[in-house]
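Below is one structure, written out as structure tokens; comments come after it.
The values are calculated or read from the model by the stated rules, or taken from the named source; none is laboratory data. It should be emphasised that the depicted structure is a prediction, and the values quoted were computed from it without experimental measurement. Note: ideal-geometry Cβ built from the backbone for every residue, glycine included; neighbour counts use all protein chains shown. These area figures cover heavy atoms from the full protein model, side chains too; ligands, DNA and RNA do not enter into them. Shrake-Rupley method; radii C 1.70, N 1.55, O 1.52, S 1.80 Å.
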Amino acid sequence: MRLLLPQPRSLSPDDLHDLYDSGGNSLTRGGFVVSVDGGVSHAGGSRPLQSAADEASFHALRAVADAVVVGAGTARVEGYGPVRPRPAGIAWRTRHGRPAAPPLVIVSQSLNLDPGARCFSGPAVVVTCQTAAARRRDQLAEVATVLVAGQDRVDLAVAFQELRERGLTRLLCEGGPHLLTSLLTAGLLDELCLTLTPLLLGSAPQLLTEALGSPRRLELLHLIDGGGGVLLARYAVTAA
Ligand SMILES: NC(=O)c1ccc[n+]([C@@H]2O[C@H](COP(=O)([O-])OP(=O)(O)OC[C@H]3O[C@@H](n4cnc5c(N)ncnc54)[C@H](OP(=O)(O)O)[C@@H]3O)[C@@H](O)[C@H]2O)c1
């Protein structure tokens, strides 16, 4: 693995922790793997896009996060489990005074989530809105912390503020495209970390689900050659 920009140097997988760490700064970052034509899944999941370099950045991004946020669609389709950092990630977190594992935060309007699902076998937060069925809310409250933000839609700004008040300030959003689009539209995304996989998928679900009101400019913060044609890019999302 080799850092290409801003200053070329070779990297070990452990170097990725320091490279992705935002220090004490609170931020919301997206972490996605995409094909060259912007596709995020093939045959129903993102596995065909993954590679050793993507896996290394995926785990490093998790290791430096206070919480991993996903839309309920991604949690359901990808069969999410609790966030379990690798030993190197746990060691990095311990050195930096952070708890061993970040909680998983699932955003859902419908609360169509199985309380027996694997994702609730570790620390989990469910973010929903007032109109979600009270019975489902009560069932999920037995396996997760349930936060209510917004009336008939989840108000992500309110929800993220509540997470920050609970000390979860460095948020990693792992998907999916609906949630990422909502975050961009609400002006809540600070960074986007993309693994660019050298594949063309044709008509596949894309990174974003709808047109943005105005194009968002990205500033390249670093670029890594992950080997085998895989590129890892970290962008800052600048003001519209
Ligand atoms: N390549 C990658 O890096 C990557 C990453 C993640 C996902 N994916 C792929 O993307 C696909 C899933 O995409 P998706 O767009 O359907 O997933 P998603 O954004 O994770 O899920 C959509 C669902 O999440 C909830 N949700 C999302 N945004 C919300 C908001 N602003 N307010 C309230 N609820 C919100 C809703 O759940 P309820 O229906 O429960 O109300 C909504 O139906 C899968 O094929 C997956 O493999 C790829």
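General observations
- The magnitude of the dipole of the chain, with charges of +1 and -1 set on the Cβ of Lys/Arg and Asp/Glu and taken from the Cα centre, is near 300 debye.
- Estimated D of segment 85-141 in µm² per second, where Rh is the Kirkwood radius over Cα pairs and Stokes-Einstein applies at 25 °C, 0.890 mPa s: 188 µm²/s
- Accessible surface of the chain, 1.4 Å probe, proportion on carbon and sulfur as whole %: 52 percent
- The loop-placed trypsin sites (Lys or Arg not before Pro) in segment 68-165, going by DSSP, that have at most 15 neighbouring Cβ atoms within 10 Å of their Cβ come out as Arg153.
- Size of segment 150-197: Rg and Dmax of its alpha carbons, in Å, are 11.8, 39.
- Only protein heavy atoms count here; under a 1.4 Å probe, Asp54 has an accessible surface of about 20 Å².
- Beta bridges per DSSP with both ends in the chain, % antiparallel, nearest 5: 45 percent
- Only beta bridges with both residues in segment 121-240 are counted; by DSSP, about 80 percent of them are antiparallel.
- Along principal axes, Cα extents of segment 116-240, largest first, whole Å: 48, 33, 33
- The residues of the chain have, on average, 47 Å² of accessible surface per residue, using a 1.4 Å probe with all protein chains present.
- With only the Cα atoms considered, segment 1-152 has a convex hull volume of 143 Å³ per residue.
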